[in-house]
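Heads up: the structure comes next, in structure tokens.
The values are calculated or read from the model by the stated rules, or taken from the named source; none is laboratory data. In this text, all values refer to a predicted model and were calculated from it rather than measured experimentally. Because the Cβ atoms are built from the backbone with ideal geometry, glycine has one as well, and the counts that use them run over all protein chains shown.
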């Protein structure tokens, strides 16, 4: 049956929408609250730690409810349409902090809206991610669509990460959040209304919550791939959060020049996504996935020795090359796990598996929390008001040493994951 026109584009562009607000949220939360507003690194680490456990509870529930949803609009669309406006409102509130807040009230406000924004992001991304293996059934269509959506994600990251220091410098954090929120939310809704879900057959069984959790708990590949992704995600989350500190305290150059370093990562990544996708088609998924993880790990070594804008840009470009490889392959691993579960249990549980993988991904909060706590313990870096006696090496530790350790662990876990050769995706009704 002929594919609907623009099917890949309509789905892939959604990654642009989901990435715009959440990348600003995750990347600039630390520099905004710690360096500008006076939240301490210990308080930030507590927020990240608490949120990780809340996420552990809400992720399986969101996925389960999505899988069991039956409506004339499909399983995923209602969650996307209702969740998107709520996500945007909480995201805007997070960066529109009332001026009178300080101390414990600032801490409480930051925790409340960090948790609300994060949990609503889980709703959106779980339903968006669940559509991927459902709409695209072959490795070829998945590779094509995933390369496209990763390119959209990287363009969104250039806007919401690389350009944000310039935008916030011109209009402030609150108006930047409003701008990004409206742009991202509009694109998510476009994707939701134009991506046609596979219809649910009347005879299809609804997944049961405890059975699904039991099956997931017994799924070795889910855990191994999840931990691989969690350590990788923690490394990159820490890179994005710590780069502004590295620019300010280690390189000692204007904050706005962090745009150049972010761009070095993201532009190289955009250019290299197609290269990694070609290697997947030529050499198969698993070896290319492992090579990407190893490449990203090694890239942190030259970045450690960077001492100027130029050397830091070169090191960032190497990180971008490895980053492109991981984002090109990681979602294909997740789709294989969903295919295998459908084949084994004859149930379609993309939502709960996608959300569970998303939770594993969000375990990065534990590691980023630990990293910020360690720079307080080791270097005495408390906040922008009290950065300690050696903020330069504290920032270098955050950006290069801790992420390198995390990537080595991620690379090790990847060797425990394998799939059968030429496993076809299980058949489901095609979109008409």
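Each row is one residue, and each column tells you yes or no for (1) in contact with a strand residue (DSSP E or B) (Cβ under 7 Å, 6 or more places away or on another chain); (2) at pLDDT below 85; (3) crowded, with 19+ Cβ neighbours inside 10 Å.
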site: 68; (1), (2), (3): no, yes, no
site: 71; (1), (2), (3): no, yes, no
site: 79; (1), (2), (3): no, no, yes
site: 94; (1), (2), (3): no, no, yes
site: 105; (1), (2), (3): no, no, no
Going by the structure shown, is residue 413 in a helix (DSSP H, G or I), at pLDDT below 90 and more than 29 Å from residue 80 (Cβ to Cβ)?
no
So, in segment 163-194, how many residues would count as being closer than 26 Å to residue 98 by Cα and part of a helix (DSSP H, G or I)?
22
Is there a residue in segment 88-109 that is within 20 Å of residue 356 (Cβ to Cβ) and touching a residue at least 12 places away in the same chain (Cβ under 8 Å)?
no
Could you tell me whether segment 236-253 includes any residue that is surrounded by fewer than 20 Cβ atoms within 10 Å (Cβ to Cβ), more than 26 Å from residue 367 (Cβ to Cβ), free of Cβ contacts under 8 Å to residues at least 40 places away in the same chain and in contact with a helix residue (DSSP H, G or I) (Cβ under 9 Å, 6 or more places away or on another chain)?
no
For segment 379-395, indicate whether the set of residues that are under 17 Å from residue 296 (Cβ atoms), assigned to a helix (DSSP H, G or I), touching a helix residue (DSSP H, G or I) at 6+ places or on another chain (Cβ under 7 Å) and at pLDDT 90 or above is non-empty.
no
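Conditions tested, residue by residue: (1) surrounded by 24 or more Cβ atoms within 10 Å (Cβ to Cβ); (2) touching a helix residue (DSSP H, G or I) at 6+ places or on another chain (Cβ under 9 Å); (3) touching a residue at least 40 places away in the same chain (Cβ under 8 Å); (4) closer than 25 Å to residue 412 by Cβ.
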residue	(1), (2), (3), (4)
276	yes, yes, yes, yes
288	no, yes, yes, yes
292	yes, yes, no, yes
309	no, yes, yes, no
329	yes, yes, yes, yes
340	no, yes, yes, yes
345	no, yes, yes, no
351	yes, yes, yes, no
Hey, among 29, 56, which residue is surrounded by fewer than 18 Cβ atoms within 10 Å (Cβ to Cβ), in a helix (DSSP H, G or I), under 19 Å from the mean Cα position of the chain (by Cα) and in contact (Cβ under 8 Å) with a residue 24 or more places away in the chain?
56
Scan segment 59-87 for residues that are within 16 Å of residue 128 (Cβ to Cβ), outside any helix (DSSP H, G or I), more than 21 Å from the chain's Cα centre (by Cα) and touching a residue at least 40 places away in the same chain (Cβ under 8 Å) and jot them down.
74, 75
Among residues belonging to segment 382-403 that are without any contact (Cβ under 8 Å) to a residue 60 or more places away in the chain and crowded, with 17+ Cβ neighbours inside 10 Å, point out the one that is nearest to residue 314 (Cα to Cα).
397
Looking only at residues in segment 195-214 that are outside any loop (DSSP other than H, G, I, E, B) and touching a helix residue (DSSP H, G or I) at 6+ places or on another chain (Cβ under 6 Å), which one is farthest from residue 96 (Cα to Cα)?
212
